[in-house]
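Visitor: This is the structure I want to talk about, given as structure tokens.
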Amino acid sequence: MKSLIIDRGQNAYPSYSIILETLVDLGYQKVPMVLDVGEFAVRGSIIDVFSYRHSHPIRIEFDGDAIERLSSFHPSTQRSITALESTKILAKDPRRSKSPFLQWGEGGGTELISEFQNGDIVVHETYGIGIFKGLHHLTLRKGEGDYVLIQYKGEDRVYVPLNQLEQIHPYTGGGTEPKINGLHDGVWKRVKERVRKATVECAEEMVQLYKLRTDQTGFSYGEDTVWQIDLEKSFEYEETPDQLQALADVKRDMESHVPMDRILSGDVGYGKTEIFLRAAFKAAEHQKQVALVVPTTLLAAQHFRTFEKRFKDFPYTVAMLSRFCSKKKQKRILASLHSHGLDVVIGTHRLLQKDVVFADLGLVIIDEEHRFGVRHKERLKSLKPNVDILSVSATPIPRTLYIALSGGKEVSLLKTPPEKRKPILTTLSEYHESLIKEAIEKEVKRGGQVLYVFNAVRSMPQKARNLKSLLPHIRFSMAHGQMEESVLKSVMDAFLNKETDVLICSTIMESGMDIPNANTMIIENVENFGLAQLHQLRGRVGRTDKQAYAFLFYKEENLTAKAKKRLQAIREYTALGAGYRLALKDLEIRGAGTLLGYKQHGHMTAVGFELYCALLEDSVRQIQGKPGRSQKTRRPLPYMLIIPESYVPEERERLALYRRVSAFEFGYQIDAFEEELRDRYGPAPDVLSNGLALLRHASKTVDV
């Protein structure tokens, strides 16, 4: 196999030009930023390349014809890791097409690429909804610099200076296509004023509901018992700090005389079940009944198994109720609930029917609460006045919404994964049977199982036959929502008992299922999935300390312009920790609708989710007597700060850098930023260094 050896000791060879020529000959693709195996990028005197069979990409920096620096770097931060003396760049393997193992971002990470792309719909707080048209370098009356161009109705356009970046928001409207505003018709001003009034009303309602709840008297639980401590010791994992804090929040609510109405929000696999299981046990310890409501029978069955296992050494009874239980069994469970012969009932929407009567209900837990409508939740609240309610959701709450809610809702966030959980290594590739065969064989060989998501129920039997002919020694089964409940339960039980190796399934696996031995997921036709859906699906694997893999396959012939854009977002999402924000786009409206109430949905779509949350935050702060965002002191980005296109050619990278600098508050942040620039792009040009020096001076003045 052809290769290229690079050695720092050989100062004259290979030269800069020879490396570039050879990379092309070896089959590497030139890209703006290296995120993937088989790619290289050029940044002035720096060449980045991700070689096949390497765990990390390589950075080569030249000083003239001499190699000044050779190091590995992390694709999710683009920062150097380890200095190297030599390395070998392998040729592209023709049998593989884009088959790297990328680390799926777990949230956080540096924002390396701007979320804005040319053609995106954006919202400027002053001018309204327009189309993002990129960065433009201009010399205007106020000075020379880069400006963001937003195109409005007709020939209307605005060049936005960089010190107004915080006023530009991405437009997220839950699938709604908004009208582009004009600059002179007054429509935006009226819309924004209407929404502002609505957020004031919403904020007042939130604060009033909070006051109403705190004025009520509910059951006050005692402190933890010996049995409570014993149950919690039986947890086989070490709790994360977020879990401990959320648990303390829940217990404090339960021990208070004020009825609990708390939202527990956390990513898939971050330990929400353990928190509400302990809350349920605490209720049972104080002779109160618990209702755990879930959206699917599969999830109900899973929770039932978990509760039975954890409660087995204690004298509390647990049952599962759904419409698929026999009439006789349903009647028996209902009678036990009414006589307090049952402590915990886990069920689907069947629990919301009027014949369900509790003897002494103390706690209602709503799992996957975003799957329930407002009427369902009102029915749950009406089961008993002053009952404690814990709503649980894997829909992450964006920071902007969390800030806005802080004045009227009790929210516990799980933001960190369990300590031993490994990030899922993800492949985004054009469809290849050889990769599928290799992935399944590798997982089964190590004693694991595979979830194969194929969301076309009619074609599923044919897909199963094709896979069976490809892998005759592998045991396959199928699961989808159109199956009879008894058949589906039988299939799932067989898979959980490791009687089959690969479960070909629809997106029925999206909700809450936990199968610890399934640590490889394959998703076909990924171009048809939303980012949020992919995020939920891949959370079904990697639930233990075992390394998990996700393979996302697309078909080139199916790629529309929109699908290509979504694929690029998926690619960035899988490679960059900061891309977690992209996954939230599909979740934001759904999460906000359930948290704020659906009557606010129209107002959110009128101005976009992010601006709505910002206006809501202002309204909440106003009611609390705190300064709003506009009253906060911000250090404006100086006009003279210019990041030259010759230094950072890629526009989305430049804009991300500008946005980060505009948020800096302290001098040490500027120092760290300058060090990062040096690592990623080489020495900063004078115009940038001078601008950062001025910003640093202003920072010291304000800090003092």
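Computed from the coordinates by the stated procedures, all read-outs in this text should not be read as laboratory data. Fair warning: this is a prediction, and the values are worked out from it, not measured in the lab. Every residue, glycine among them, receives a Cβ derived from its backbone with ideal geometry; neighbour counts consider all protein chains shown.
Visitor: Which lysines does Lys626 reach when only Cα atoms under 19 Å apart count, and residues fewer than 8 places away in its own chain are ignored?
Guide: Lys197, Lys211, Lys409
Visitor: Determine ³J(HN,Hα), in whole Hz, for all residues of the stretch 26-43 in sequence, where each value follows from phi through the Karplus function 6.51 cos²θ - 1.76 cosθ + 1.60 and θ = phi - 60°; x replaces Gly and Pro.
Guide: 7, x, 7, 9, 7, 9, x, 9, 6, 10, 9, 4, x, 10, 9, 9, 10, 10
Visitor: Right, here's the next one. In which sequence would Glu223, Glu443 go, from the one with the fewest C-beta neighbours within 10 Å to the one with the most? Write out the running numbers ahead of the final one.
Guide: On the way: Glu223 8, Glu443 25.
Taking fewest neighbouring Cβ atoms as first place, the list is Glu223, Glu443.
Visitor: Would you mind ranking Val290, Val318 by Cβ crowding within 10 Å, fewest neighbours first?
Guide: With the fewest neighbours first, Val290, Val318 line up as Val318, Val290.
Visitor: Could you pull out every one of the lysines with an alpha carbon less than 19 Å from that of Lys153, ignoring same-chain neighbours closer than 8 positions?
Guide: Result set, ordered by chain and number: Lys133, Lys179, Lys189, Lys192.
Visitor: In whole angstrom, note down how far apart the Cα centers of the stretch 508-538 and the stretch 111-139 are.
Guide: Centre-to-centre distance over Cα atoms comes out at 32 Å.
Visitor: Report, by chain and number, residues whose modeled amide H sits under 5 Å from the one on Ala550, excluding near sequence neighbours (fewer than 5 apart, same chain).
Guide: Leu425, Thr426, Thr427, Met521
Visitor: If each residue of separation counts as 0.36 nm, what is the full-extension length gain between Ala663 and Asp120 once their alpha-carbon separation is subtracted?
Guide: Full-extension gain reported as 193.2 nm.
Visitor: Could you state the number of Å between the C-alpha centres of the stretch 324-393 and the stretch 1-73?
Guide: What the calculation gives is 61 Å, centre to centre.
Visitor: Explain nothing, just compute: Karplus ³J(HN,Hα) = 6.51 cos²θ - 1.76 cosθ + 1.60, θ = phi - 60°, for every residue of the stretch 304-311 in order, whole Hz, x for Gly and Pro.
Guide: After applying 6.51 cos²θ - 1.76 cosθ + 1.60, I find 4, 4, 4, 5, 4, 5, 6, 8 Hz.
Visitor: Something else: Output the pairs from Lys272/Lys422; Lys437/Lys555; Lys331/Lys489; Lys92/Lys442; Lys2/Lys88; Lys288/Lys489 with a Cα-Cα distance over 20 Å in this structure; if there are none, say none.
Guide: Lys331/Lys489; Lys92/Lys442; Lys288/Lys489, as the Cα separations exceed 20 Å there.
Visitor: Among the DSSP beta bridges whose two residues both lie in the stretch 3-94, what percent are antiparallel, rounded to the nearest 5? Write down the numbers at each step before the final one.
Guide: Numbers: 22 of 24 bridges.
Around 90 percent of the beta bridges assigned by DSSP in the stretch 3-94 are antiparallel ones.
Visitor: Please give the FRET efficiency for Asp185 paired with His137, using the beta carbon to beta carbon distance and R0 = 25 Å, rounded to the nearest 0.05.
Guide: E between Asp185 and His137, to the nearest 0.05, is 0.25.
Visitor: Neighbouring Cβ atoms within 10 Å as the yardstick, rank Thr82, Thr507, Thr426 fewest first.
Guide: Listing Thr82, Thr507, Thr426 from fewest to most nearby Cβ atoms yields Thr82, Thr507, Thr426.
Visitor: Based on the Cβ-Cβ distance from Asn497 to Glu223, what FRET efficiency comes out when R0 is 35 Å, to the nearest 0.05? Could the numbers behind the result be given before it?
Guide: Values: r = 40 Å, r/R0 = 1.15.
Given R0 = 35 Å and the Cβ-Cβ separation, E is 0.30.
Visitor: Let me ask you something else. Would you please give the residues with an amide H less than 5 Å from that of Gly218, counting only those at least 5 places away or on a separate chain, with H modeled from the backbone geometry?
Guide: So Gly218 has HN proximity to Val258.
Visitor: Can you tell me which aspartates and glutamates have their Cα less than 14 Å from the Cα of Lys564? Leave out same-chain residues fewer than eight positions away.
Guide: Glu430, Glu527, Glu556, Glu572
Visitor: Have a look at the DSSP beta bridges in the chain and tell me what percent are antiparallel, nearest 5.
Guide: Of all bridge pairs located within the chain, approximately 45 percent are antiparallel.
Visitor: Same structure, new question: For the stretch 232-343, what class follows from the C-alpha gyration tensor (a ≥ b ≥ c being the square roots of its eigenvalues): rounded when a/c is under 1.5, otherwise prolate if a/b is larger than b/c, else oblate?
Guide: prolate
Visitor: Can you tell me which of 322-334, 607-619, 264-276, 488-500 comes out highest on packing, and rank the rest after it, using the mean Cβ neighbours within 10 Å?
Guide: So the order, starting with the most tightly packed, is 607-619, 264-276, 488-500, 322-334.
Visitor: How much mean residue ellipticity at 222 nm does the chain get from its helices, if each DSSP H run of length 4 or more adds -39500 (n - 2.57) and you divide by all residues, to the nearest 500 deg cm²/dmol?
Guide: -12000 deg cm²/dmol
Visitor: Tell me, what HN-Hα J-couplings in whole Hz come from the Karplus equation 6.51 cos²θ - 1.76 cosθ + 1.60 at θ = phi - 60° for each residue of the stretch 203-216, using x for Gly and Pro?
Guide: Coupling constants for the stretch 203-216: 5, 5, 5, 4, 5, 5, 4, 4, 5, 4, 5, 6, 7, 7 Hz.
Visitor: Could you work out how far apart the two model spin labels at Glu433 and His74 are, taking each label as a point 7 Å from the Cα in the direction of the beta carbon, and quote it in nm?
Guide: 4.0 nm
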